[in-house]
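To keep things clear, I will list the structure first and then write my remarks on it.
The values are calculated or read from the model by the stated rules, or taken from the named source; none is laboratory data. Remember, predicted model here, so these are calculated numbers, not experimental data. Here Cβ is always computed from backbone atoms with ideal geometry, including for glycine, and neighbour counts include all displayed protein chains. The protein model used for the area step is the full one, side chains on, heavy atoms only, and it has no ligands, DNA or RNA in it. Shrake-Rupley method; radii C 1.70, N 1.55, O 1.52, S 1.80 Å.
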Amino acid sequence: MHDKPPAAAGPPPPKGTITGAQAVVKFLLDRGLKTVFGYPGGAVIPLYDALYKSGVRHILARHEQGAVHMADGFARATGSVGVVIATSGPGATNLVTGLANAHMDSVPLLAITGQVPTTSIGSDSFQEADIYGISIPITKYNYLVKNADELVESLAEGLHIARTGRPGPVLVDIPKDVQTSYLKYGEPNEIRLPGRDPGEPPSEAAVAALAEALERSQRPVFYVGGGAVAAGVAEDILRLAEGSDAAVATSLLAKGVFPDGHPLSLGLPGMHGPKYSNMAINESDLIVGLGVRFDDRVVGDVRRFAPFAKIAHVDVDPAEIGKRLQVELPVAGDLKLVLKALQGELKPGPKPRWRARVAELKKKHPLQAPESPEVVKPQKLVSLLSEAAGEDAIFVTDVGQHQMWCAQFLSVKKPRRFLSSGGLGTMGFGLPAAIGAALGAEKLQVVAVCGDGGFQMTLQELACARQYDVPVKIVISDNGCLGMVRQWQQFFHKRRYSETIFQFNPDFARLAEVFGVPGRRVEKPRDLPGAVDWLFQTKGAALLDVFVDPEENVLPMIPAGKGQTDFYEAET
Amino acid sequence: MKKIISILVRNKPGVLSHVAGLVTRRAYNVESIAAGPTEDRKITRITLVVSGDEKVLEQVVRQIQKLVDVIKVDGIPHESAMTGELALITVSLPRERKSELMNLVSLLGMTVKTIEKDSITLQVAGSAQRVDSAINGLSPFTIKSMARTGLVALPLGQNGEGADPFP
Ligand SMILES: Cc1ncc(C[n+]2csc(CCOP(=O)(O)OP(=O)(O)O)c2C)c(N)n1
Ligand SMILES: [Mg+2]
């Protein structure tokens, strides 16, 4: 092993130049992107050589999908850009799910991939894949850097695109010969992009119309989405909601933007939201969407969503406005700017009758948390974890029933404290995203809640958690089945459980031990509190495998495409 | 309903794939797509002809507007656009019908590109209707091959439109 790069063969580098690979590293360091996640390979060997002892902290995942979810969790927890590096061909294609996931949830990522040398591109050479073409529909923007002179400019523009406006993942594909070419590193010019400037002030008329509607409204509801997290407007929303007595529903991505437990909080709207949330929306006379997509899992039947309400929609991405619903009050613009302008316009008035009605709905139609002395009820597990972890913990979920129980029963009071794969619903997200979050938010306790199915999709990242001593607490809501799919089969397919019951599962606690992570299993409700204590008192990473009721269902449920109060009546 | 979408984009490699990919991915119906330089070599104009209902078309325009390389998008109703198209058509030419064909060619406002032993290649340019009627007019003959450029368009009465300065 050499610490200094061996003397290069061939002519000495021209004065004042560095290699493309060195330029990438310099760029990352200059922009403060000091933590990167990745996995090496032939087409990125020059880049990894430049990373060696460079001051960039590189986290070696055990699969590129793990690396990209880690970068994603890092970005969601910190608000900065997540960086992921992969080699050409299979390394790059292993990023696909993670890029699509980040794209759907508007997470800023910079993905750097190696590519075969420019002279071989297009010839089906070894480990060549057209990741530029493949990633067009799943990134906000992407580059194939064919010339070393364009490298720094592409990185700078890409980073700018990833984190401005509606954030998203950007991929920069760098052929191996571009990494080894010499270039003069110059600070790129100020970045100017064509089209609309997302920093433009919102239309005054649109803001005034919204203010007027809000003053007139007797039953306002704010429907808040991930855009509010990106814009950092939790406090503005709290002030505005309290000032105008608006009830606040938070999408899955916005959980925590408005404090759970607040008298005006409606929690999650839509398919698995509490009844009171959907009933309040159903009674509302004004829905104000704030950085949210009006997703089909929330809206259900478009014609029957909020039938008495005017719809207002504020979003930095004008293409979202009116995409699914007819919007009477559209406001395109940065949420921060719009809310500030709105605050100036608004003469808020209390609406005691609406406040009382919301309180009444919440009291009459609360979420049901079943109890049992025989078997752990997953809802109970989630409540216990929420109490034990405290208000400042970051919860990361995987995808399935446990995810919805987390959305329902975790009490989250701040933004960036609940991370979940919303738009794509990617099983396998939980563990790696939690590792990334823990590496980004080092002072906070990170808890990953996974299903037994999803955990098995990326569990090799236990090795990564162990290697870097990432103190992530992993809880498996272990129902021995693909619970969410089983639930649909129970409700809509006559209990024909086709391929959703695991006839075999490993012993997850012992499996964790093999990875050097302490593990425990809980089978009975009486052992649960002690085990949860153990989990949080154990130093470093630890795993708790909790056997939960395999027959439990996520309720209430509005079947896909149904109206807002068409709650499914499950026989029990 | 048919609509012309005129798009000014940064002249970057891959920009056509971004636009074409978006349109096909969303299952919008594309009738034609044409791209070429503008008066500014850094800017390319892409002309799309799409069909679908009004709401779908509005979505296409907004989604295209969102692409990073897009400078400007105009959805232009057919009646307020200057449009043009070019077609090359090779028809087989039985020797005894040569004068009949040549009559048609001048009647239909076509020009002759090349003449081979038993075929002739013609060119017609103009509105889509004109190209259509030229092709229909050739029906007494056998068309061996044909290439159409797809429509290019500029909005009516906006001379110099599209010259948004972009560094
Ligand atoms: C990668 C991927 N494959 C398939 C699915 C479909 N799917 C959604 S939820 C689910 C079941 C998840 O099971 P598990 O991880 O055990 O969680 P549970 O629902 O049991 O809590 C499946 C298969 C998905 N969301 N992601
Ligand atoms: Mg399960």
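Which FRET efficiency, nearest 0.05, do B:Lys2 and A:Phe536 yield, Cβ-Cβ r, R0 45 Å? List each step's numbers first, then the result.
On the way: r = 64 Å, r/R0 = 1.41.
Taking R0 as 45 Å, the efficiency between B:Lys2 and A:Phe536 is 0.10.
Please work out how much length the chain gains when fully extended from A:Glu551 to A:Leu238, using 0.36 nm per residue of separation minus the C-alpha to C-alpha distance, in nm with one decimal. Working shown, then result.
Values: separation 313, 0.36 × 313 = 112.68 nm, distance 3.82 nm.
Here the segment from A:Glu551 to A:Leu238 would lengthen by 108.9 nm.
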Dividing the helical contributions, -39500 (n - 2.57) per DSSP H run of n ≥ 4, by the residues of chain A yields a 222 nm value, nearest 500 deg cm²/dmol, of -10500 deg cm²/dmol
So the angle from the long Cα axis of helix A:430-440 to the longest Cα principal axis of chain A, reported in degrees to the nearest 10, equals 70 degrees
Expected integer from the mean partner chain Cβ neighbour count at 10 Å over B:51-59 is 1
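What FRET efficiency do you get for B:Asp118 and B:Val56 if R0 is 51 Å and r is their Cβ-Cβ distance, rounded to the nearest 0.05?
With R0 = 51 Å, the Cβ-Cβ based efficiency is 0.65.
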One finds, for B:Ser145 and B:Ser80 with R0 = 30 angstrom and r their Cβ-Cβ distance, a FRET efficiency to the nearest 0.05 of 0.30
HN-Hα couplings for region A:299-313 via Karplus (6.51, -1.76, 1.60; θ = phi - 60°), in whole Hz with x for Gly/Pro, come out as 6, x, 6, 3, 6, 10, 7, 6, x, 9, 9, 6, 10, 10, 9
Here the net charge surrounding B:Ser17, from other residues whose Cβ is less than 13 Å away from its Cβ (Lys, Arg +1; Asp, Glu -1), is 0
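Among the DSSP beta bridges whose two residues both lie in chain A, what percent are antiparallel, rounded to the nearest 5? Could the numbers behind the result be given before it?
Numbers: 3 of 69 bridges.
Just about 5 percent of them are antiparallel.
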Residue-normalised value, i.e. accessible area per residue, for region A:18-183 at 1.4 Å probe, in Å², stands at 32 Å²
Measuring from the longest principal axis of the C-alpha atoms of chain A, the long axis of helix A:64-78 (C-alpha) lies at a number of degrees, nearest 10, equal to 60 degrees
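Looking at chain B, identify the longest residue range that excludes and avoids all GluC sites (Glu not before Pro) in DSSP loops having at most 10 other Cβ atoms within 10 Å. The partial results should precede the final answer.
On the way: sites that count: B:Glu39, B:Glu116.
My reading of the result: B:40-115 is the longest stretch.
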Cα-based Rg then Dmax for region B:83-151, in Å, read 11.2, 37
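Give me a single rounded figure for B:64-71: the average over its residues of other chain Cβ atoms within 10 Å of their Cβ. The partial results should precede the final answer.
On the way: counts 1, 5, 9, 5, 12, 4, 4, 3.
If you average over the peptide's residues, the count of other-chain Cβ atoms is 5.
Express in nm, to one decimal, how much length is gained between A:Gln326 and A:Val514 on full extension, taking 0.36 nm for each residue of separation and deducting their alpha carbon distance.
Length gained between A:Gln326 and A:Val514: 62.2 nm.
Where a ≥ b ≥ c are the square roots of the eigenvalues of the C-alpha gyration tensor, would you call chain B rounded, which needs a/c under 1.5, or, failing that, prolate if a/b is larger than b/c, or oblate?
Numbers: a/c = 2.39, a/b = 2.15, b/c = 1.11.
Cα axes put chain B in the prolate bin.
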Carbon plus sulfur, as percent of the 1.4 Å-probe accessible area of region A:225-348, comes to 52 percent
Listed by chain and number, the residues whose amide H is under 5 Å from that of A:Val84, excluding neighbours fewer than 5 places away on the same chain and using placed H, are A:Phe37, A:Leu110, A:Ala111, A:Ile112
Percent antiparallel among DSSP beta bridges confined to region A:18-183, nearest 5, equals 10 percent
Packing-ranked peptide list from A:93-105, B:139-151, highest mean Cβ count within 10 angstrom first, is A:93-105, B:139-151
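Could you work out the mean count of beta carbons from other protein chains within 10 Å of each residue's beta carbon in A:187-195?
Numbers: counts 0, 0, 1, 1, 0, 2, 6, 13, 14.
What the average comes to for A:187-195 is 4.
Give me the summed buried accessible area for the B-A pair, 1.4 Å probe, to the nearest 100 Å².
On the way: alone 9490 and 24230 Å², together 32060 Å².
That pair of chains buries around 1700 Å² in total.
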Amide H neighbours of A:Val446 at under 5 Å, excluding residues fewer than 5 places away on the same chain, with H built from the backbone geometry, are A:Ile394, A:Lys473
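Find, among the chymotrypsin sites (Phe, Trp or Tyr not before Pro) in region A:459-529, those assigned to loop by DSSP (not H, G, I, E, B) with at most 10 other beta-carbon atoms within 10 angstrom.
Details: sites: A:Tyr468, A:Trp488, A:Phe491, A:Phe492, A:Tyr497, A:Phe502, A:Phe504, A:Phe508, A:Phe515; in loops: A:Tyr468, A:Tyr497, A:Phe502, A:Phe504, A:Phe515.
Sites meeting the loop and neighbour criteria: A:Phe504.
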